[in-house]
1. Within the range 51-74, can you find the residues that are assigned to a strand (DSSP E or B), crowded, with 17+ Cβ neighbours inside 10 Å and aliphatic (A, V, I, L, M)?
2. Among residues belonging to the range 29-41 that are within 14 Å of SER65 (Cα to Cα) and surrounded by 11 or more Cβ atoms within 10 Å (Cβ to Cβ), point out the one that is modelled with the lowest pLDDT.
3. Just checking, does the range 93-103 include any residue being of a type in the set (Ser, Thr, Tyr) and touching a residue at least 60 places away in the same chain (Cβ under 8 Å)?
4. Inside the range 130-162, can you point out the residues that are of a type in the set (Val, Ile, Thr) and touching a residue at least 60 places away in the same chain (Cβ under 8 Å)?
Amino acid sequence: MGTTGGTGPEALACLDVFIGEWDLEPRFSAEHLSGVAPVGEPVLARSRFEWDLDGRFLVQRSEVSVPEVPDGLLIVAPGAEAGTYTQHYFDSRGVVRLYAMGFADGVWTLLREEADFSPLDFRQRFTGTFSADGNVIEGAWEIAHGDGGWEKDFDLVYRRVR
């Protein structure tokens, strides 16, 4: 699991490891779930990655069992520099964002530090690490307000279903 050169469709080849269906296990704090879901009840979520438009884009669709947590449509395209990607994020609330994405040596990163289609009320980053067999991604979202430092927002585990 590494990166490939180039910025065209060939740059996406290393992202094949994402293709398939995944159960998501968000590990929200009680604060996150306050008014959203009863504490102790699991939040059921699923995500599907697939190629679209002749393999030129990696598309991720995510669905969550809690109505207050948004479903998402995410589209990954090669970035301007070799080995970089841009993730276009859309969700059921109507939020639109852009994330700088990286993937190298089994580590998936997402970073948003600039205003784009949405104001930058906070910065976000995600780091997820693939298991040796490629069937689990252990990750965490972090958040930073203003010029403050990064704090864990919540853990997120992906488990491949097929």
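1. Once the filter is applied, which keeps residues that are assigned to a strand (DSSP E or B), crowded, with 17+ Cβ neighbours inside 10 Å and aliphatic (A, V, I, L, M), the range 51-74 yields LEU58, VAL64, LEU74.
2. Only one residue fits best here, namely LEU33.
3. No, the range 93-103 has no match at all.
4. Passing the criteria: ILE137, VAL157, VAL161.
The values are calculated or read from the model by the stated rules, or taken from the named source; none is laboratory data. Computed from a prediction, not measured in an experiment: that's the story for all the values here. Because the Cβ atoms are built from the backbone with ideal geometry, glycine has one as well, and the counts that use them run over all protein chains shown.
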